[in-house]
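Trainee: Pasting a structure here, questions to come.
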Ligand SMILES: Nc1ncnc2c1ncn2[C@@H]1O[C@H](COP(=O)(O)OP(=O)(O)OP(=O)(O)O)[C@@H](O)[C@H]1O
Ligand SMILES: [Mg+2]
């Protein structure tokens, strides 16, 4: 699958419409996810950004349109086939969802136990490396309740990348973290991309982090992607909606 200008795509949201009850959240929404690149989605709170990630992860189906991931249309796969596809996708949730009764290490090990035949020692090593990449190697045996909010977020992040998925979806990876940990997370996303040629879609409100890591930025507004381009071009976009959003200004076409 290629984009209009010939880049290889790992995923594509194609003309998607989706409603919750009578609220239309996405309306004829399309988004290209270029392979090997980091695509950041920006947009107002409630715009539907997390909804796009849930579509890409096969957790939701649109009422119209298609979701292509790694060459398959998720709308045409059986539940079982979607589950196989989901093993190639890592999802780091907006709100870390770890099981309280398991240690941090055991939480991160879950996808490996479920989907691989690695030995206990190999799992321990792989989990250790994933935790180490988010600065949490020391928390391997801790329970989630013993971690701060920021540490929990990083543990969820380690769990999303532990299987080295072809596509990683990060929902607000740096929200609520101090600037130093935010930088560490941003650098980890970049490190993973260069090491594994990993593709990522990142939702974020953290503009410094976005402009550090994004290859492409897409702005979601009123149900559709209204601007999509390289990070530099989005920064200098003539679109008044994009500029109002980036500048956090009250004046402009976005009604507050
Ligand atoms: N399962 C659901 N049932 C009903 N409404 C939902 C559901 N999930 C999301 N919504 C609604 O869809 C809209 C988009 O939600 P979404 O979580 O995708 O927004 P978002 O852009 O990620 O916002 P934020 O920046 O605050 O995280 C919101 O109005 C939300 O209330
Ligand atoms: Mg969200």
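The values are calculated or read from the model by the stated rules, or taken from the named source; none is laboratory data. A quick note: this is a predicted structure, and the numbers were derived from the prediction, not measured. Glycine gets a Cβ as well: all are built from the backbone with ideal geometry, and neighbour counts include every protein chain shown.
Trainee: Going by what's in this entry, would residue 24 be described as within 13 Å of ligand 1 (Cβ to nearest atom), at pLDDT 95 or above and either buried (at least 22 other Cβ atoms within 10 Å of the Cβ) or in a loop (DSSP other than H, G, I, E, B) (or both)?
Mentor: no
Trainee: Sticking with this one: Tally the residues that are touching a helix residue (DSSP H, G or I) at 6+ places or on another chain (Cβ under 6 Å) and either more than 22 Å from residue 54 (Cα to Cα) or in a loop (DSSP other than H, G, I, E, B) (or both), restricting the search to the stretch 110-125.
Mentor: The qualifying residues number 2.
Trainee: With a cut-off of at least 2 residues that are away from ligand 1 (no atom under 14 Å from the Cβ), surrounded by 21 or more Cβ atoms within 10 Å (Cβ to Cβ) and modelled with pLDDT of 95 or more, name the strands (runs of 3 or more DSSP E) lying wholly within the stretch 151-227.
Mentor: The strands (runs of 3 or more DSSP E) meeting that bar are 216-221.
Trainee: Suppose we filter 131, 169 for residues that are under 25 Å from residue 53 (Cα atoms) and more than 17 Å from the chain's Cα centre (by Cα); which single one remains?
Mentor: Being under 25 Å from residue 53 (Cα atoms) and more than 17 Å from the chain's Cα centre (by Cα) holds for just one of 131, 169, which is 131.
Trainee: Could you please find all residues in the stretch 230-256 being outside any helix (DSSP H, G or I) and on the phi < 0 side of the Ramachandran plot?
Mentor: Listed by number, the residues that qualify are 230, 236, 237, 238, 239, 249, 250, 251, 253, 254, 255, 256.
Trainee: What residue, among those in the stretch 202-224 that are closer than 19 Å to residue 4 by Cβ and touching a helix residue (DSSP H, G or I) at 6+ places or on another chain (Cβ under 9 Å), is farthest from ligand 2 (Cβ to nearest atom)?
Mentor: Within the stretch 202-224, the match that is farthest from ligand 2 (Cβ to nearest atom) is 215.
Trainee: Another one. Which pairs turn up if I take residues in the stretch 86-102 that are free of Cβ contacts under 8 Å to residues at least 12 places away in the same chain and look for partners that are within 16 Å of ligand 1 (Cβ to nearest atom) with beta carbon separation below 9 Å, at least 6 apart in sequence or on another chain?
Mentor: 95/153; 95/156; 95/171; 95/172
Trainee: Further question: Considering only the stretch 30-56, state which residues are in contact with a helix residue (DSSP H, G or I) (Cβ under 8 Å, 6 or more places away or on another chain), over 21 Å from residue 82 (Cα atoms) and either in a strand (DSSP E or B) or within 13 Å of ligand 2 (Cβ to nearest atom) (or both).
Mentor: Those that are in contact with a helix residue (DSSP H, G or I) (Cβ under 8 Å, 6 or more places away or on another chain), over 21 Å from residue 82 (Cα atoms) and either in a strand (DSSP E or B) or within 13 Å of ligand 2 (Cβ to nearest atom) (or both): 38, 40, 41, 42, 43, 44.
Trainee: Taking the stretch 129-150 on its own, how many of its residues are loosely packed, with under 15 Cβ neighbours inside 10 Å and either at pLDDT 95 or above or not in a loop (DSSP other than H, G, I, E, B) (or both)?
Mentor: 7
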